[in-house]
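The values are calculated or read from the model by the stated rules, or taken from the named source; none is laboratory data. Everything numeric in this text was worked out from a predicted model, so none of it was measured. Using ideal geometry, Cβ is built from the backbone for each residue, glycine included, and neighbour counts are taken over all protein chains shown.
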Amino acid sequence: MFLHTVLVVLTDLAARFLGNAVFRQHFHLLVSVLLLFGPGLSFWVSQHSIFAKRTHFLYRIFLRSGWGWTCVFVGSFVFVLSFSIRRSLSLSLRHLSRLLLAGGLWLGFCKLLDLLENATGSCYEPLVGTSDVSNGEPLLVLREGASKADCLKAGMLWRGYEVSEDVFLLCLCCLLLAEETAVFGPYLSLGGVSDAPLRILFLFCVVLLNLWIFLLLCLLAYFPQFPTLGCLSWRVLYQGWYRMGPSWYCPGRPGLGLLNTKSCLNGEEKGHTHN
């Protein structure tokens with residue numbers, strides 16, 4: 001009973017915060033500020049920290065499977081929430097399709113970034129036993145015609161314009177989590193039924209959002225880059241495409257068709273009771 005009370009209090013507070021209009025309207029600005037000024041943290045952090053190593057267990061366990069973690073928790077939450085309200089499998093799948101579209105956009109941008117790196121970079125082979133007198137680094141010999149993948153596979157160095165795919169993914173996942181979980185606050189305010197499994201899924205999503213923000217700060221501080229494609233992806237989907245309303249080519253925004261009235265939240269159960 002005590003654990004259930006703690007769960008209710010925590011999820012209510014988190015739902016009220018994430019569902020607040022000020023948070024929903026300005027969270028993307030917070031992410032943009034992190035992207036712009038986060039690399040400045042590299043002047044204050046220690047490069048001997050455990051987070052300065054790509055082999056840290058948080059990077060290995062969560063970052064390399066970031067999209068998978070996001071899909072599992074957000075997908076479970078969206079499906080359980082939508083299905084518990086309307087008992088419609090087609091409606092639940094329509095809301096889940098937002099994750100599929102976001103994943104497709106992410107893969108498309110990753111392919112675009114690979115093409116950009118191959119087009120703007122060059123492969124260099126370090127000469128063993130020789131170095132530049134000015135900085136002590138080994139001399140590099142240009143190798144023409146090699147792609148980035150072939151260059152790195154051969155143990156050589158690739159120099160060119162690079163955008164961190166990890167930071168791009170974390171940025172997109174943070175914005176997606178904030179959008180999808182923001183409907184839980186209005187759902188509770190309308191008197192929606194919220195049993196323990198749904199609240200636990202919501203709490204997992206909140207924990208994952210905070211973890212992604214923490215890892216985003218770590219990457220910007222220890223591996224500084226200035227990507228903006230995550231924010232662009234969010235704006236294309238949630239501030240553009242999804243606002244067009246539900247149709248065969250658009251799943252609609254989170255909560256659309258679910259949070260109309262209290263009768264919608266209680267579903268057909270009340271109708272059967274009156275009959």
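When we screen V167, V80, V163 for residues that are modelled with pLDDT of 80 or more and closer than 25 Å to P39 by Cα, the only hit is V167. Close contacts from the stretch 169-182, counting a first residue that is under 18 Å from L258 (Cα atoms) and in contact (Cβ under 8 Å) with a residue 40 or more places away in the chain and a second that is among the aromatic types (F, W, Y) and surrounded by fewer than 24 Cβ atoms within 10 Å (Cβ to Cβ), with Cβ to Cβ under 6 Å and a gap of 6+ residues or different chains, come to A178/F27; E179/Y238. Each residue in the stretch 123-136 was checked for being at pLDDT below 80 and either touching an Asp or Glu at 6+ places or on another chain (Cβ under 9 Å) or under 30 Å from W67 (Cβ atoms) (or both), and 2 of them qualify.
Close Cβ contacts (under 8 Å, 6 or more residues apart or on different chains) running from residues in the stretch 25-41 that are at negative phi and modelled with pLDDT of 80 or more to residues that are β-branched (V, I, T) and surrounded by 13 or more Cβ atoms within 10 Å (Cβ to Cβ) comprise S32/T228; L34/I213; L35/V167; L35/T228. Residues of the stretch 60-89 that are assigned to a helix (DSSP H, G or I) and free of Cβ contacts under 8 Å to residues at least 24 places away in the same chain: R60, I61, G68, V72, F79, F83, L89. Evaluation of A14 against the conditions (1) at pLDDT below 85; (2) surrounded by 14 or more Cβ atoms within 10 Å (Cβ to Cβ) shows that the sole unmet condition is (1). Selection of the stretch 190-213 for residues being assigned to a helix (DSSP H, G or I) and either more than 19 Å from H4 (Cα to Cα) or among the charged types (D, E, K, R) (or both) yields R199, L208, L209, N210, L211, W212, I213. The single residue among V45, V31 that is surrounded by 14 or more Cβ atoms within 10 Å (Cβ to Cβ), assigned to a helix (DSSP H, G or I), β-branched (V, I, T) and in contact with a helix residue (DSSP H, G or I) (Cβ under 8 Å, 6 or more places away or on another chain) turns out to be V31.
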